Amino acid sequence: MSTATLAAPHPVVACAAEVRGVLAGVGAVQPVFMSVAEKETALVELTRAEAQLAELKTRILATGDDVATRHGARDVAAWLAHTTQTDHRTARAELHLALALDRHPGVAAGMRAGTVSTAQARVITTALDDLPTDLGPAVAGSAEQTLVGYAAHHPPRDLQRLGRRILEVVAPDLADAEEGRRLEDEERRAREKASLRFRDLGDGRTRLSGVLPTPVAQRLRHYFHAYTNPRTHAHADAHADGQEHTAHRFGRPGGHPRGERVPQHRAYAHALAALLETLDPDHLPEQGGDATTVIVTLTLTQLLSDLAAAGVIAGDGEEAISASEARRLACQATIIPAVLATTSEVLDLGRRTRLFTRAQRRALRLRDHHCRAEGCTIPATWTEAHHLTPWTHGGTTDLTNAISLCNHHHHRIHDHRYTHERLPNGDIRFHRRT
């Protein structure tokens, strides 16, 4: 008998074989005859065993570079996904967790003890990695130990919230400054990743999809609740027939009959339509020198007909709508275009108002032509008016104190990470603080 035959397998390999053997031994056992207490115990113990197995697997993954080298794979996660026919995203997430546990041995110890689940470990390691790098080993270790202790009493979602505020527990003197930094970074990432897409489905509907900064989404949902609140609905139904427009507008967006229950997602869609109809075009940004307006176009014949087509002009062109919808839109005063007088307007208002007037913004565009950040070519019609000397510091709302900046550079000039200087030609040059 050869030496290779007599050699004992590695303890981890032997463990894996033994676990599979034990599981095979109960493969035919049906739990239907288990008592309630036995089911409870089994479920809890198996959940803890899953955490222990997951930690052992990640421990091997963290040292699996040689496996990838041997097979020419990109990394051990790619090799494992191909070999076991599992989802490559799952394997990569396991590798990321393995590397995180290698940096945070306290979390790994919790998984080995079966007191920290895989989901909890992901949340805890993410929170620890987000902490400032200059905390020092004592504070970082205390944060890790505290969060591992919380895992015994809190699910992953709660741990995520606790992880964001962990400095308030382990280093309260640093918490305020770190919270401010974290919020700024979070808000900046949210702005950078924000998106909203429109896809015309070709059947009178358009699909909207996107990701918004959480404060924006919360504000939008708050506005929607004003239209979909059941108490508002009931209050509107209590009014007389002469108040039906109010009931339609606030209690039943979309014009649903009394008593009809509408799914929340559909009520939100109808609330968005109702909210848009309440916007005052005079308060919207200008486009090409004119206020943003929605114009309903229809002839007298169309107006009087129950079945006819009309048009609504908003944005890049005209879209067809029914005459009944056009008549409904025409009931909204904010959608009827106003005829403006041609009287002269005062451009320099000094301290009498904080916001630049329409006439001042028009004069700014004529003067600046484009964003005045050095090298920026964004046209002036897309820019915003900025106070060179802040209004809060005594700056006036005058053309001499105004400059045109695109949205990007307007954010930049208020970003404390940058300084800026005024060049001889009036442009703004930015410098990143070191």
Scan Ala81, Ala7 and give me the residue that is among the hydrophobic types (A, V, I, L, M, F, W, C) and not assigned by TED's automatic domain parsing to the domain that holds Ala108.
Ala7
Among the residues listed as Leu131, Leu97, the single one being under 28 Å from the mean Cα position of the chain (by Cα) and modelled with pLDDT of 95 or more:
Leu97
Could you please find all residues in the range 381-411 being assigned to a helix (DSSP H, G or I), in contact with a strand residue (DSSP E or B) (Cβ under 6 Å, 6 or more places away or on another chain) and modelled with pLDDT under 85?
His410
Scanning the range 376-409 for residues that are of a type in the set (Gly, Ala, Ser) and over 31 Å from the mean Cα position of the chain (by Cα), the one farthest from Gly426 (Cα to Cα) turns out to be Gly394
Subset of the range 418-434 (residues that are touching a residue at least 40 places away in the same chain (Cβ under 8 Å), in contact with a strand residue (DSSP E or B) (Cβ under 6 Å, 6 or more places away or on another chain) and not aromatic (Phe, Trp, Tyr)):
Leu423, Ile428, Arg429
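The values are calculated or read from the model by the stated rules, or taken from the named source; none is laboratory data. Here the structure is a predicted model, which is why all the values come from computation and not from measurement. We place every Cβ from the backbone using ideal geometry, glycine too, and count neighbours over all the protein chains shown.
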